[in-house]
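Chemist: Mind having a look at this structure? Questions to follow.
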Amino acid sequence: MKLAARVVQVPPSMTLAIAAKAKAMRAEGIEVCNFSAGEPDFDTPAHIKAAAKRAVDEGKTRYGPAAGEPKLRKAIARKLQTDNNLDYTAENIIVTNGGKQSLFNLMLALIEPGDEVIIPAPYWLSYPEMVKLAGGVPTIVQTDAATGYKITPDQLASATTHRTKLFILNSPSNPTGVVYTPNEIQALAKVVIEKDILVVSDEIYEKILYDSAKHVSIGSLGPEIFTQTIISGGFAKAYSMTGWRVGYLAGPTELIKATATIQGHSTSNVCTFAQYGAIAALESSQDCVEQMRQAFAERRQVLLDSLSAIPGLGCAPPDGAFYMFINVSKTGMTSLEFCDELLETQHVATIPGIAFGADDHIRLSYATDMTSIKKGVERLDKFVRSRL
Ligand code: GLU
């Protein structure tokens, strides 16, 4: 069968593929330490589940508006005003099938063939593929340890051409865990305004911060940058709702309407009763978010302590999200070789950095239980020592 060129150029999602492989190995009885997908291991908080169950019992099981339940759109707009100082109303919000679909819809609504989208590397692996699927051209800007894996304003300015439409900012970042400081965000905003491009700020990890890290939403830094900003967010990471598939996009009304048209012809509304769970998540106490954050913080510390004792690995403490991005170049292996052999010989699942545009690194997600973390690091230690 001759498939469309647009799909032939796109590889399958490696995070999903390795996570599925690790789960399949576990189902075969193999004790796998799974550091692959960024999926919190906690159960969704009981009050969120109860709200969705109630919605099912109340008959909220039918089609709804493509852009989302009005009550949820309002609740998201309120959250963006209160938490992020962004002046949105319900009209500026579309509820999507996870954060992923919010970005995918955005690309379809915005990108014309040949339009360029600036993506700092290391990047979340789906960004470039979404751009390509929409007919656009990803402009990858390499960052490294010297700038703390952050794109600098100069790099952003020099990567911008007359074809540049959009810049993807992700702070806290997947896969590096880097959080841009308010000053750094301000400096990037200045370039976005000067170059007259748009910025989409992927804020899915905004609640998962450590030590003194602070999350600042780029759109909150003034009226000019606000009109050039689009926000992508979701419920998966902060509320442990990965399988619910509820996310959102916030931005100028015209753009949001366009994404609703796309959604109206593709997936229609997000599962109606799942949206009632999301309303409960926003409108109830946020203690559950903080409890999970504290658990991630403890795991992060354990990992940092034990990784620093393994020779040959380079790893900076992440400021946010739940990933360790580890330089494995001293082993002389490519990231694929490293991760394949680690999984085959030690049953430790990790993601090769090549998927994120950094072949000398691997990514460990610590959204997994402490026992697996401790066992997994022992095995990693053994593996690395045998390869140095
Ligand atoms: N975003 C998570 C990750 O990077 C989940 C898998 C995916 O959507 O890629 O692991």
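Since every read-out is calculated from the coordinates, none of them should be taken as a lab result. Every value quoted in this text rests on a predicted model; they were computed, and no experiment measured them. All Cβ positions, glycine included, derive from the backbone under ideal geometry; neighbour counts span all protein chains shown.
Chemist: Select from ALA145, ILE111, TYR123 the residue farthest towards the positive end of the dipole of the stretch 1-157; place +1 on Cβ of Lys and Arg, -1 on Cβ of Asp and Glu, and compute about the Cα centre.
Modeler: Checked the options; the winner is ILE111.
Chemist: Once the piece of chain linking ALA50 and LEU16 is laid out straight, how much longer is it, given 0.36 nm per residue of separation minus the C-alpha distance between them?
Modeler: This chain segment gains 9.4 nm when fully extended.
Chemist: Please compute the Cα-Cα pair-distance distribution of the chain with 10 Å bins starting at 0, giving whole percents from short to long.
Modeler: Answer for the chain: a P(r) of 5, 23, 33, 26, 12, 1, 0 percent.
Chemist: 7 Å from Cα along Cα→Cβ at both GLU224 and GLN186: what's the point-to-point distance in nm?
Modeler: Reported label-point gap for GLU224 and GLN186 is 1.4 nm.
Chemist: About its Cα centre, what dipole magnitude does the chain give when the only charges are +1 on Lys and Arg Cβ and -1 on Asp and Glu Cβ, stated in debye to the nearest 20?
Modeler: It comes to approximately 780 debye.
Chemist: Relative to a virtual label point 7 Å from the Cα of VAL8 in the Cα→beta-carbon direction, which members of the stretch 111-132 show backbone nitrogen distances below 20 Å?
Modeler: Only 113-114, 129-132 fall inside the zone, counting backbone N under 20 Å.
Chemist: Next question, about the same structure. Give the order of THR267, THR82 when sorted by the count of other beta carbons within 10 angstrom, beginning with the fewest.
Modeler: THR82, THR267
Chemist: Now, a different point. ILE30 label point, 7 Å along Cα→Cβ, cut-off 16 Å on backbone N: hits in the stretch 324-358?
Modeler: 337-352
Chemist: Among DSSP beta bridges whose residues both lie in the stretch 172-264, state the antiparallel percentage, nearest 5.
Modeler: Antiparallel bridges make up about 50 percent of those DSSP assigns within the stretch 172-264.
Chemist: Hey, with R₀ at 25 Å, roughly what FRET efficiency would SER329 and ASP305 work out to, going by the Cβ-Cβ distance, to 0.05?
Modeler: Efficiency at R0 = 25 Å is approximately 0.65.
Chemist: Give me PHE273, PHE35, PHE356, PHE383 ranked fewest to most by other Cβ atoms within 10 Å of their Cβ, as a rough exposure proxy.
Modeler: PHE383, PHE273, PHE356, PHE35
Chemist: Suppose a student asked you for the relative contact order of the chain, using Cα pairs under 8 Å spaced at least 6 residues apart; what percent would you report?
Modeler: 24 percent
Chemist: A further question follows. What are the ³J(HN,Hα) couplings of the stretch 177-188, residue after residue, when phi is run through the Karplus curve with 6.51, -1.76, 1.60 and θ = phi - 60°? Round to Hz, x for glycine and proline.
Modeler: So the Karplus estimates, Gly and Pro as x, are x, 6, 10, 6, 7, x, 5, 5, 5, 4, 5, 5 Hz.
Chemist: Still on this structure, please answer the following. Please report GLU290, GLU341 as a ranked list, fewest other C-beta atoms within 10 angstrom at the top and most at the bottom.
Modeler: In order of increasing Cβ crowding within 10 Å: GLU290, GLU341.
Chemist: Rounded to whole Hz and in sequence order, give me ³J(HN,Hα) for the stretch 90-97 from the Karplus expression 6.51 cos²θ - 1.76 cosθ + 1.60, θ = phi - 60°, writing x for Gly and Pro.
Modeler: Once θ is set to phi - 60°, the couplings for the stretch 90-97 become 4, 4, 8, 10, 10, 8, 10, 6 Hz.
Chemist: Across the stretch 165-268, how large is the tail of the calculated P(r) beyond 15 Å, expressed as a percent of all Cα pairs?
Modeler: 66 percent
Chemist: Filter LYS207/LYS257; LYS150/LYS374; LYS100/LYS165; LYS60/LYS214 down to the pairs with a C-alpha to C-alpha distance above 26 Å, please.
Modeler: The answer is LYS207/LYS257; LYS150/LYS374; LYS60/LYS214.
Chemist: Whole number please: convex hull volume per residue of the Cα set in the stretch 264-365, in Å³?
Modeler: Spelled out: Cα convex hull of the stretch 264-365, divided by residues, is 167 Å³.
Chemist: Output wanted: per-residue J couplings in Hz (rounded whole) for the stretch 18-29, from phi through Karplus 6.51 cos²θ - 1.76 cosθ + 1.60, θ = phi - 60°, x for Gly and Pro.
Modeler: For the stretch 18-29, the Karplus curve yields 6, 4, 5, 5, 5, 5, 5, 5, 4, 5, 7, x Hz.
Chemist: Would you calculate the separation in nanometres between label points at THR345 and THR82, each defined as 7 Å from the Cα along the Cα-to-beta-carbon direction?
Modeler: In this crude label model, THR345 to THR82 measures out at 5.2 nm.
Chemist: Then there's this: For the chain, what proportion of DSSP beta bridges, expressed in % and rounded to the nearest 5, is antiparallel?
Modeler: 45 percent
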